[in-house]
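To start, the structure under review is shown below, and the notes come after it.
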Amino acid sequence: MTMRLPDARAHLLTNATADRYRRTLMDGVERVAARIATTERPFTGITPDRLAAEVGAVDLDRPLGDPLAALDELENVYLRDAVYFHHPRYLAHLNCPVVIPAVLGEAVLSAVNSSMDTWDQSAGGTLIERRLVDWTAARIGFGPAADGVFTSGGSQSNLHALLLAREEALAAVALPRAEVLPRLRILASAAGHFSVQKSAKLLGLAPDAVVTVGVDADRRMRPGALHRELVRCRERGQIVMAVVATAGTTDFGSIDPLPAIAEQCAAAGAWLHVDAAYGCGLLVSPTRRHLLAGIERADSVTVDYHKSFFQPVSSSALVVRDRQALRHATYHADYLNPARMAEQRIPNQVDKSLQTTRRFDALKLWMTLRIMGADAIGALFDDVVDRAAAAWDMLAEDPRFEVVTRSSLSTVVFRYLPTGPGRVHADAVNLHAREALAASGAAVVAATKVDGRHFLKFTLLNPETTVEDIAVVLELVARHAGHYIDRVTTPMLACNAR
């Protein structure tokens, strides 16, 4: 006979435990609110080894039984050392502080626990998600034939789009599938996201299926280079199944020239996918929507609300100009979504999705739009873009730093540039400065490579970050860099003095 703990059912969220749910959640909310209210730096600087020891010491087979005791333990294994994106000196990756209406939506969707695969599991949720897809499609500029589905993030959205593009390309060629697959090619910017290469591998394409297209000094895809690659593919008997343009590259925030790319895709009969995971915030910008001109000519678009719409992870979507393309992701299971349901016009979202069980992430965006409104979201995004422009100006005027191309969005790529004997150590200096800064916990910045050299990067997604915050972080970078230069050049100078 299976043993059952006497209080196990007391932990289920049911009509009988609603009061316990309320009290427990309030304890958690109070704990997080207190932590956020008193957090003075974005990170504690704890090392992986030290934190791993604390997490590893927890005996998961000996439950604490009490929510308050579990929250106390959580302070030590998570909350104390979490990286807090809400802090104005977190300037690293594409992680945003979240808006409170979205967190409200998160609490609701987690408790109700709708699964978005079929109508009979998520009646209202299905219609809300579909309404938000239609809203996003209209913002993009797509017509009434558009459709889409929420996803876990930009990488999944890109994979989904390229799956549709692959199937459309295969359907257009009257040859065996095995013969066509090795000939398929994807043309993508050299500054584009790595998920394109990863998707090609997952889709069973050739190892050299992704053809890199050159970029200009602003890290935007060069239309002339795209034209040459389209011609070269045609001459080699290769089939361009998709061109991936980017509206907001991860490193540089660059936006490819979408109108010119769309013209070439139309002439070549190639699927145009626009990865706007980062730049989708421009869809609601009161001042910068024009930067996405041409996106309405895409066949598919990736949007990440959990980047520039200030939503909690995860909240993303793939939107397509023609809903018929989504049929390539459709499979019917008798126990879930039999074909007769489609004939009866029952709206099952699993018919469009790569996922089956899926969270009702759309509710977060719904609550945000209903409480704040789109213009307010756009104004927040405009704030961070403005702040990045100010940071670029600051760096351009500071002789201690070298700054790369001015972003259309909110990234700034730069590096500390030593003078004299220290210059040969520039790569090591910048790597050290970033690591030392993170270890101090005073700020967090990102790192990348530009033309083979190590650079630092600000990714600004917090409207609360001020110019003064940026100035302080730059001084900290310079200080850590200076300490490293002193350490490596002092012995060298002493040796030369002998």
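The values are calculated or read from the model by the stated rules, or taken from the named source; none is laboratory data. Quantities reported herein were computed from a predicted structural model and do not represent experimental measurements. Note that we place each Cβ from the backbone using ideal geometry, even for glycine, and neighbour counts take in every protein chain shown. The protein model used for the area step is the full one, side chains on, heavy atoms only, and it has no ligands, DNA or RNA in it. Shrake-Rupley method; radii C 1.70, N 1.55, O 1.52, S 1.80 Å.
Could you go through region 162-177 and let me know if any residue there is in contact with a strand residue (DSSP E or B) (Cβ under 6 Å, 6 or more places away or on another chain), part of a loop (DSSP other than H, G, I, E, B) and open to solvent by less than 30 Å² (accessible area, probe 1.4 Å).
No: region 162-177 contains no residue that is in contact with a strand residue (DSSP E or B) (Cβ under 6 Å, 6 or more places away or on another chain), part of a loop (DSSP other than H, G, I, E, B) and open to solvent by less than 30 Å² (accessible area, probe 1.4 Å).
Name the single residue that is least open to solvent (accessible area, probe 1.4 Å) among those in region 86-113 being assigned to a loop (DSSP other than H, G, I, E, B) and of a type in the set (S, T, N, Q).
If we filter region 86-113 for residues that are assigned to a loop (DSSP other than H, G, I, E, B), which is where we start, we get 86-89, 92-99, 113.
Now drop any that are not of a type in the set (S, T, N, Q), which leaves 95, 113.
Details: 95: 46, 113: 115 Å².
Only one residue fits best here, namely 95.
Any residue in region 53-64 that is touching a His at 6+ places or on another chain (Cβ under 9 Å) and not in a helix (DSSP H, G or I)?
As a first pass, look at region 53-64 and keep what is touching a His at 6+ places or on another chain (Cβ under 9 Å): none.
No: region 53-64 contains no residue that is touching a His at 6+ places or on another chain (Cβ under 9 Å) and not in a helix (DSSP H, G or I).
Looking at 137, 171, 178, can you tell me which residue is in contact (Cβ under 8 Å) with a residue 24 or more places away in the chain and of a type outside the set (S, T, N, Q)? I'd like the intermediate steps shown before the answer.
Working: 171 fails: in contact (Cβ under 8 Å) with a residue 24 or more places away in the chain; 178 fails: in contact (Cβ under 8 Å) with a residue 24 or more places away in the chain.
Unique residue meeting the criteria: 137.
State all residues of region 268-317 that are of a type in the set (D, E, K, R), over 24 Å from residue 233 (Cα atoms) and open to solvent by 10 Å² or more (accessible area, probe 1.4 Å); if no residue qualifies, say none.
Just the residues of region 268-317 that are of a type in the set (D, E, K, R), to begin with: 275, 288-289, 296-297, 299, 304, 307.
This time we only want the ones that are over 24 Å from residue 233 (Cα atoms), so: 288-289, 296, 304, 307.
Of everything in region 268-317, those that are of a type in the set (D, E, K, R), over 24 Å from residue 233 (Cα atoms) and open to solvent by 10 Å² or more (accessible area, probe 1.4 Å) turn out to be 288, 289, 296, 307.
Yes or no: region 471-481 includes at least one residue that is closer than 29 Å to residue 377 by Cβ, modelled with pLDDT of 95 or more, open to solvent by 20 Å² or more (accessible area, probe 1.4 Å) and assigned to a helix (DSSP H, G or I).
Initial filter on region 471-481 (closer than 29 Å to residue 377 by Cβ): 471-474.
If we keep only those that are modelled with pLDDT of 95 or more too, we end up with 471-474.
Narrowing further to those that are open to solvent by 20 Å² or more (accessible area, probe 1.4 Å): 471-472.
From what's left, assigned to a helix (DSSP H, G or I): 471-472.
Within region 471-481 (the criterion being closer than 29 Å to residue 377 by Cβ, modelled with pLDDT of 95 or more, open to solvent by 20 Å² or more (accessible area, probe 1.4 Å) and assigned to a helix (DSSP H, G or I)), the answer is yes, since at least one residue qualifies.
Quick one: in region 140-152, of everything that is in contact (Cβ under 8 Å) with a residue 60 or more places away in the chain and surrounded by fewer than 19 Cβ atoms within 10 Å (Cβ to Cβ), which residue is nearest to residue 376 (Cα to Cα)?
Residue satisfying both the conditions and the ranking: 141.
Determine, yes or no, whether residue 326 is among the aliphatic types (A, V, I, L, M), more than 22 Å from residue 266 (Cα to Cα), in a helix (DSSP H, G or I) and modelled with pLDDT of 95 or more. Can you show your working first?
Values: among the aliphatic types (A, V, I, L, M): yes; more than 22 Å from residue 266 (Cα to Cα): no; in a helix (DSSP H, G or I): yes; modelled with pLDDT of 95 or more: yes.
No; evaluated as a whole, the condition is false for this residue.
Do you know which residues across region 222-257 are farther than 21 Å from residue 388 by Cβ and either among the hydrophobic types (A, V, I, L, M, F, W, C) or within 20 Å of the chain's Cα centre (by Cα) (or both)? Full working, then the answer.
Of all residues in region 222-257, those farther than 21 Å from residue 388 by Cβ come to 222-245.
Matches in region 222-257: 225, 226, 230, 231, 233, 239, 240, 241, 242, 243, 244, 245.
For residue 429, only one of the following conditions fails: (1) surrounded by 22 or more Cβ atoms within 10 Å (Cβ to Cβ); (2) without any contact (Cβ under 8 Å) to a residue 60 or more places away in the chain; (3) within 23 Å of the chain's Cα centre (by Cα). What is its number?
Condition not satisfied by residue 429: (3).
Testing residue 407 on (1) within 19 Å of residue 483 (Cβ to Cβ); (2) crowded, with 19+ Cβ neighbours inside 10 Å, one condition comes back false. Which one is that?
So the condition that residue 407 fails would be (1).
Working only within region 220-239, note down all residues that are crowded, with 24+ Cβ neighbours inside 10 Å and part of a strand (DSSP E or B).
Taking region 220-239 as the starting set, the residues that turn out to be crowded, with 24+ Cβ neighbours inside 10 Å are 221, 226.
Answer for region 220-239, where residues must be crowded, with 24+ Cβ neighbours inside 10 Å and part of a strand (DSSP E or B): just 221.
Given the structure, is residue 332 in contact with a helix residue (DSSP H, G or I) (Cβ under 8 Å, 6 or more places away or on another chain) and either farther than 20 Å from residue 156 by Cβ or free of Cβ contacts under 8 Å to residues at least 40 places away in the same chain (or both)? Outline the logic, then answer.
Numbers: in contact with a helix residue (DSSP H, G or I) (Cβ under 8 Å, 6 or more places away or on another chain): yes; either farther than 20 Å from residue 156 by Cβ or free of Cβ contacts under 8 Å to residues at least 40 places away in the same chain (or both): yes.
Taking the combined requirement at face value, the residue satisfies it.
Are any of the residues in region 374-384 closer than 26 Å to residue 160 by Cα and either within 18 Å of the chain's Cα centre (by Cα) or hydroxyl-bearing (Ser, Thr, Tyr) (or both)?
Within region 374-384, the subset closer than 26 Å to residue 160 by Cα is none.
Among the residues of region 374-384, not one is closer than 26 Å to residue 160 by Cα and either within 18 Å of the chain's Cα centre (by Cα) or hydroxyl-bearing (Ser, Thr, Tyr) (or both), which makes the answer no.
Yes/no per residue for (1) assigned to a helix (DSSP H, G or I); (2) surrounded by 15 or more Cβ atoms within 10 Å (Cβ to Cβ):
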site	(1), (2)
16	yes, no
20	yes, yes
27	yes, no
37	yes, no
44	no, yes
83	no, yes
